[in-house]
Amino acid sequence: MRIKVINPNTSRSMTEKIGTCARAVADAGTEVVAVSPAMGPVSIESHYDEALAVPGLLQEIAAGEAAGFDGYVIACFGDPGLLAARELARGPVVGIAEAAMHAASFLARRFSVVTTLARTIGTAHHLAESYGMARFCAGIHACELPVLDLERPGSGARERIVEACRAALETDDSDVIVLGCAGMADLCEHVSQVLGVPVVDGVTAATLQVQSLVRLGLRTSKRGELAAPPPKPIVGALSGFTLAPKALPRAA
């Protein structure tokens, strides 16, 4: 089994960290390949960033289909381009926010999300609602750390995230923490040990979800909304995204 984990931003060091975390939980027979797109923003912290990240993400999905990957993880908590990726992919595609929220709902009645910047809280609320997780999500909180500061020496990122998680548990009276950024994936065990509650990282949760779906022999349905997109002319800078009928995923 081969799973492609796509970090939609172009930070190579963050992609390496994400790949390490994903491989740590995958079975021995599962190959995990972590990649960044060849184009797009170095971090995703706005609707503008997210929109610009999607073309590179979809290129990686298309390349994965050509290479025969069995499934995909979208390793950004905004789950950018998720439905478009499912249109292109034969195998399952899982976003880390989607996977983390569902996993947390199995562990307690109420979870809190701790993310990076406050400007991304609205997106996380929207995802919780669209995934049917709003009734479990007690609150979404920001530690006000830019994504790239998660890896910057001297930023105090680990301590700030722990304190933000502690405050979220107290404010929300919740029982589980969801880490709201793929760049936090390596902090999961540490935060859990310090605070004494389950802490869910979406990178590992999504990797295991994709692995399970593939093992069950399940693929993305090509009937209805997630059928392959109809081929049509695409012009200008995006002309390379024009789909030929023979290149489209077929129904299983």
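Taken as a whole, the condition of being within 18 Å of Ser13 (Cα to Cα), of a type in the set (Gly, Ala, Ser) and at pLDDT below 95 does not apply to Gly224.
State whether the residues of region 29-36 include one that is of a type in the set (D, E, K, R), modelled with pLDDT of 95 or more and not in a strand (DSSP E or B). Within region 29-36, not a single residue is of a type in the set (D, E, K, R), modelled with pLDDT of 95 or more and not in a strand (DSSP E or B).
Of all residues being part of a helix (DSSP H, G or I) and of a type in the set (Asp, Glu) in region 52-75, which is nearest to the chain's Cα centre (by Cα)? Just the residue, please.
Checked region 52-75; the qualifying residue nearest to the chain's Cα centre (by Cα) is Glu60.
Need pairs with beta-carbon distance below 6 Å; first residue farther than 22 Å from Ala75 by Cβ and within region 205-231, second part of a helix (DSSP H, G or I); sequence gap 6+ or separate chains. Matching pairs, first to second residue: Pro229/Glu87; Pro231/Pro245. Only residues that are in a helix (DSSP H, G or I) and either closer than 19 Å to Ala51 by Cα or at pLDDT below 95 (or both) were counted across region 117-150, and they come to 15. A Cβ distance below 8 Å, combined with a sequence gap of six or more or placement on separate chains, defines the contacts here; from region 29-58, residues that are farther than 17 Å from Gly240 by Cβ and not assigned by TED's automatic domain parsing to the domain that holds Gly183 reach residues that are of a type in the set (Val, Ile, Thr) and part of a loop (DSSP other than H, G, I, E, B) in the pairs Ser36/Thr10; Pro41/Thr10; Val42/Thr10; Glu45/Thr116; Glu50/Ile44. Return the total of residues in region 1-34 being within 13 Å of the chain's Cα centre (by Cα), more than 16 Å from Val147 (Cα to Cα) and among the aliphatic types (A, V, I, L, M). Qualifying residue count, region 1-34: 4.
Residue-level check: of (1) out of contact with any His (no Cβ under 8 Å at 6 or more places or on another chain); (2) crowded, with 16+ Cβ neighbours inside 10 Å; (3) more than 18 Å from Met101 (Cβ to Cβ), Val203 misses just (3). Looking across Ala103, Ala99, one residue alone is crowded, with 23+ Cβ neighbours inside 10 Å, modelled with pLDDT of 95 or more, part of a helix (DSSP H, G or I) and of a type in the set (Gly, Ala, Ser). It is Ala99.
The values are calculated or read from the model by the stated rules, or taken from the named source; none is laboratory data. Just so it is clear, the model here is predicted, and its values are computed rather than measured. So basically every Cβ, Gly included, is an ideal-geometry build from the backbone, and we count neighbours across all protein chains shown.
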